[in-house]
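Each value in this text was obtained by applying a stated rule to the coordinates, not by laboratory testing. The model shown is predicted, which means the values in this text are computed figures rather than measured ones. Don't worry about glycine lacking a Cβ; one is built from the backbone with ideal geometry, like all the others, and counts go over all protein chains shown.
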Amino acid sequence: MNKILDSAAPSDMVARKNIWKRTTAFPQFGILVVFIGLFAILGIMAPDSFLSGGNLINVLRQASAQMVVAIGMTFVLILGGIDLSVGSIANLCGTLSAGFIVKSGLSLELAIALALLIGVGLGVVNGVITAKLKLQPFIATLAMMSVAKGSSLLYTGGMPVSQLPDTYMGIGRGYVMGVIPIPVLIMIGVVAIAWIVLGRTVFGRRVYMTGGNEEAARLSGIKVDVIKIMVYAICAATAALTGIIYTARLASAQPTMAEGLELDAITIVALGGTSLLGGRGFILGTIIGGMFMSILSNGLNILNVSSFWQQVMKGIILVVAVVLYTKTSKQK
Amino acid sequence: MKKVITIIIMVALVFSAVACSSNTPAATSAAASSAAPAASSAAPAATSAAPATSEAAAAPSGDHVKANKQYTIGVSLMDYNFTFFQDMLAAMKMEAAADGVIIKDYDSKQDSTKQLNDVQDMINALKVDGIILNPVDTSAIVPAVMDANDAKIPVITVDVGAAGGTIASHIASDNVAIGTEEAKFVVDQLTKKNGAAKGTIAILTYPKITSMRSREEGFMAEIQKYPDITVINKSPIQVTAEDTMTLVEDLLTTYPSGKLDLIDATNSSTALGAMAALKSANRTDVLVIGTDEDPDILAAIADKSSTVMATVVQYPNEMGRLAILNMVKLLNGEQIEAKINTKIENVNKDNIADYQKVKDAWEAEIASYK
C-alpha cells in the first residue's frame, strides 16, 4: 500500500531533480555546453568579425567537407572499426573526378559519378579485407591509405590537376537561394540521410548491434560480414564526396589535398561522444563536434592565434572530451 | 554533480586557452620568428642606414606613402619556413609601420585549403581593405581571388601569380630570367672545368611551385642550346632539404666520382639538401649552383674551398616593401603598375663580399620586424 502512495505523485524537488538529470544525462550535454560557451566567448571578443552573417555562413561552408566524411566515419566507429584511408580516398577520388574531366574529356556529372563509384568500390575492398580476410580494420585501412595515396600520385605525377570548368568551381562557390552555399546543402543532405538510416532503419539498428557485440549479432542471424562491407563502403563514399567538395572549393585537385583528413574525422566523431569501442554513436554528436572544430579554427584565426597553438588546443580538447564521455558512460 | 563539475572545468579550459592565446601580439604567427612584438615601435632608427654601395641593390628604405586612413591589409604567404618569406614579411611590416597601416598575416604552410580558408576569413570576418597573396598554387588560389573580387577587395600577388580572377598588380622576380641566368652560369662553369660547353649536370626541380616551374623553363630553354650537355631532371616528393638530400644521395650513387659535373638547384631548400648530400658523401668533384639567399648557401660561396659556386638571389625585402607600398597607393586612390619586376643578381665567388655587405645592410633594417 505504502509503495503505491509513494509513487503516486513525486514531490516538487524530485521533479526538478528529474528534469536536471534528464538534461545532463543527454549524452552530448557536455560538448553542447562547451560549444555554446565557445560561441559566446568569440562573440564577445570579436563581435564585428565573428558574429557577422558573412562569417557564420563562411564557417558553415568551411565545416561542410570535413562534416561529410565525419558522418561516414561515425558509421565505422559505431561498428567498432576504424578507417584510416579516408584522407587518401578523398584525395584519389577528388583527383580522379578532376582528371576525368581534364584528361579524359568526360562531362562534369559523369566524372563525379564515376569518382563516387570508385570511392564506393574502394570502401567495399576495405570491408571485404576486414570481414572476409579477417584483417584488423586498422591494418586493412592503413594499407588502403598507402595504395590510394600512391595511386593518386601516379595518376597526377605529383602535379595539381587544374583548368577545371567553371561549373565545377561553381559547386564550391555557388549558393542556393542566394544564401546557402552548395557545400552546406550537401552537408545537410548527408547528415539527414545518415540520421534516418542510423536511427530509423533496420540496417542502422544492425550496425549498432554488430558494433556492440559482434558474436551476439551473428548468432541472432545478422549477416555481420555484409553489414561491415556496407559500412566501409558508406564511409569511403563520404570520403570521395569530401574529396570532390575540396576539389570544387580549390578549382583544382592538389597533390596534398585531404592529407590528415582521417585524424580530423576521428577527432570530430570522438568529440561527439561516439565511443571508439563500438556500439554507441550519435549523428548529433558528430554534428556538434564538427561545428565546434570549425568554429574553433575560425575564431582562433580571427584572433590571429598561431596555428601551432590551434593544433595543441585541439589535442587537449579531444582528451578532455573523451575522458568526459567515458566518465559519463561509466555512471550509467 | 561530478559530471557538471567536469563540464565546467572543460568550459573553463577552453575559455582560458582562447583568452590567453588572444593576448599574443597580433602579428607573430610563425614559430621561426622571435617573441618580440612587431611594428609597435615608432619609426625604426635604421631608416637612414643606406650603405655606400646603395646603387647595387634597391635601397630598402625608399619612398613611403602616407595612408589616408589606417587600412587593414591581409597577407597570406606560402610558407614561413623559408628565410625568403620571413624577410619578405619583415619588410612588409616595416613598410606598414612607415605608411600607417595594419597587417594581419597568415602562414599557409604549403596547404592550398588553409590558404583559401585564411583568405575567406580575411574577407568575411576581418573585413580587410586589401589582400596581398603569395599563392601556394597558381590555380588553386583562383576561387580565393574571385571571392575577394566579389567583395570588392583589391588583390596584389607576390612572387607567385594567380591563374584567374582580377589582380591589381603582380610583383615578382622574372623567374624565367633566373633560370636563364643559372643556365648561362652553368655553361660558363662547365667550359672552365671541361674546356668546352659539355658535361653531365643534374637540375633539381619542383613543378608544383610555379616560380620554380618558371625557373626550370628558363633554364631548359637556355641549356638546350648546348647539345653536348646532358641534363638529368629530378624532383623531390616534398620541397624540403631532407627529401632533396635523400634524392641527391641516390643520384650520387648512380653517378660516381667523375660522372657528374654539376648540380643546379632551383630554390634554397633543394640547394641545401644537395649541399648536405655532397658533404656527407664527400664529393668534391660536383659543383653546385643554387637559388635564393639562404645564409648557408652564401657562407658556402664565400668559402673558397667549397664547391658551391653561385646562387641567383632575389630581393624578397623589395617585393614585400613594394607590395605594401603599392597596396597603400591603390587604397589611397592612385594608379599602380600591373606588373613589377624586382631585381635578381648572380652572386658568385667573385662578388660575394660586396653582396654580403649590401645584404647585411637591409637585414639590419628589417631585423626589428622579424
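Past 27 Å, Cα to Cα: identify those pairs from A:K149/B:K104; B:K152/B:K339; A:K314/B:K114, in the order given. Exceeds cut-off: A:K149/B:K104.
Would you calculate, for the protein assembly as shown, the mean residue ellipticity at 222 nm contributed by helices, counting each DSSP H stretch of 4 or more residues as -39,500 (n - 2.57) and dividing by all residues, to the nearest 500?
Computed ellipticity for the protein assembly as shown at 222 nm equals -19500 deg cm²/dmol.
Roughly what % of DSSP beta bridges within the protein assembly as shown run antiparallel, to the nearest 5? Each step should come with its number before you reach the end.
Numbers: 8 of 45 bridges.
Here the share of antiparallel DSSP bridges comes out near 20 percent.
Would you please classify the overall shape of chain A from the alpha carbon gyration tensor, given that a ≥ b ≥ c denote the square roots of the eigenvalues, rounded means a/c under 1.5, and beyond that prolate means a/b larger than b/c while oblate covers the rest?
Working: a/c = 2.12, a/b = 1.32, b/c = 1.60.
Oblate, because a/c is 1.5 or more while a/b does not exceed b/c.
The stretch A:144-205 and the stretch A:250-298 have their alpha-carbon centroids 14 Å apart.
Could you calculate the contour length gain from A:M177 to A:L114, that is, 0.36 nm times the residue separation minus the distance between their Cα atoms, to one decimal place in nm? Can you show the working numbers first?
Details: separation 63, 0.36 × 63 = 22.68 nm, distance 2.81 nm.
Contour length minus the Cα-Cα distance gives 19.9 nm.
Mind checking the angle between helix A:283-302 and chain A's longest principal axis? C-alpha axes, 0 to 90 degrees, to the nearest 10. Orientation of helix A:283-302: about 70 degrees from the principal axis. With no solvent and one point on each alpha carbon, what is the Debye value of log10 I(q)/I(0) for the protein assembly as shown at q = 0.10 Å⁻¹? Rounded to two decimals, the profile gives -1.03.
The phi torsions of the stretch A:114-121, fed into the Karplus equation with coefficients 6.51, -1.76 and 1.60 and a -60° offset, translate into couplings of 4, 4, 5, 4, 4, x, 4, x Hz, rounded to whole numbers, with Gly and Pro shown as x. The angle between the Cα long axis of helix A:182-200 and the longest principal axis of the Cα atoms of chain A comes to about 50 degrees, rounded to the nearest 10. Percent of Cα-Cα pairs more than 19 Å apart in the stretch A:214-268, please. Result for the distance tail: 48 percent.
Put simply, the Cα atoms of the stretch A:101-244 extend 53, 40, 21 Å along their principal axes, the longest span coming first.
Taking amide hydrogens as placed 1.01 Å from N in the peptide plane, the amide H of A:F282 sits under 5 Å from those of A:T274, each at least 5 positions away in sequence or on another chain. Do any trypsin sites (Lys or Arg not before Pro) in the stretch A:59-146 lie in a DSSP loop with no more than 16 other beta carbon atoms within 10 Å, and if so, which? Answer by residue number: A:K103, A:K132, A:K134. Karplus-derived 3J(HN,Hα) values for the stretch B:298-304, using 6.51 cos²θ - 1.76 cosθ + 1.60 with θ = phi - 60°, are 5, 4, 5, 5, 5, 7, 4 Hz; glycine and proline are entered as x. Give the angle, between 0 and 90 degrees and rounded to the nearest 10, that separates the Cα long axis of helix A:53-78 from the longest principal axis of the Cα atoms of chain A. So the helix axis and the longest Cα principal axis differ by about 80 degrees. Sequence-ordered 3J(HN,Hα) estimates for the stretch B:183-196 from the Karplus curve with 6.51, -1.76 and 1.60 and θ = phi - 60° stand at 4, 4, 5, 4, 4, 4, 5, 5, 4, 5, 7, 9, x, 7 Hz, glycine and proline given as x.
Please order B:D188, B:D121 by the number of other Cβ within 10 Å, starting at the fewest. Numbers along the way, then the final one.
Working: B:D188 15, B:D121 26.
Ranking B:D188, B:D121 by Cβ neighbours within 10 Å, fewest first, gives B:D188, B:D121.
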